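The structure under discussion appears below in the form of structure tokens.
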Amino acid sequence: MAETIIVPQEHGPYHVKGDFRIVLSDGTELEGGGETWLCRCGLSKMKPFCDSTHKGGFVCDNAEMVARSGG
């Protein structure tokens, strides 16, 4: 299995590369793996995927993000 890397783009989406699965709240699984861009502005018409709507003014400075360990 290839490593999964998620990189938040400044003022934009999450760039996801590697092996991954996307499971929606109703249990539906979307094809994953390779590379995709996930919305984080909440305005995309293609959620969970980015449709570039964030270019209308979404602001999120990556310096504001805090590293946390999950678990």
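Filter the range 33-59 down to the residues that are part of a loop (DSSP other than H, G, I, E, B) and hydroxyl-bearing (Ser, Thr, Tyr), then identify the one that is farthest from residue 8 (Cα to Cα). Checked the range 33-59; the qualifying residue farthest from residue 8 (Cα to Cα) is 44. Selection of first residues in the range 1-29 that are part of a loop (DSSP other than H, G, I, E, B) and of second residues that are open to solvent by 60 Å² or more (accessible area, probe 1.4 Å) and among the polar types (S, T, N, Q), restricted to Cβ pairs under 6 Å at least 6 apart or on distinct chains, gives the following pairs, ordered by first then second residue: 19/4; 20/4. How many residues does the range 13-30 hold that are open to solvent by 30 Å² or more (accessible area, probe 1.4 Å) and among the hydrophobic types (A, V, I, L, M, F, W, C)? Of the residues in the range 13-30, 4 are open to solvent by 30 Å² or more (accessible area, probe 1.4 Å) and among the hydrophobic types (A, V, I, L, M, F, W, C).
Within the range 34-43, the set of residues being surrounded by 10 or more Cβ atoms within 10 Å (Cβ to Cβ) and free of Cβ contacts under 8 Å to residues at least 24 places away in the same chain comprises 34, 35, 36, 43.
The values are calculated or read from the model by the stated rules, or taken from the named source; none is laboratory data. Predicted, not measured: the structure shown is a model, and the values here were computed from it. Glycine also receives a Cβ, built like all others from the backbone with ideal geometry; neighbour counts cover every protein chain displayed. In case anyone asks, the SASA skips ligands and DNA or RNA and just uses the protein heavy atoms, side chains included. Shrake-Rupley method; radii C 1.70, N 1.55, O 1.52, S 1.80 Å.
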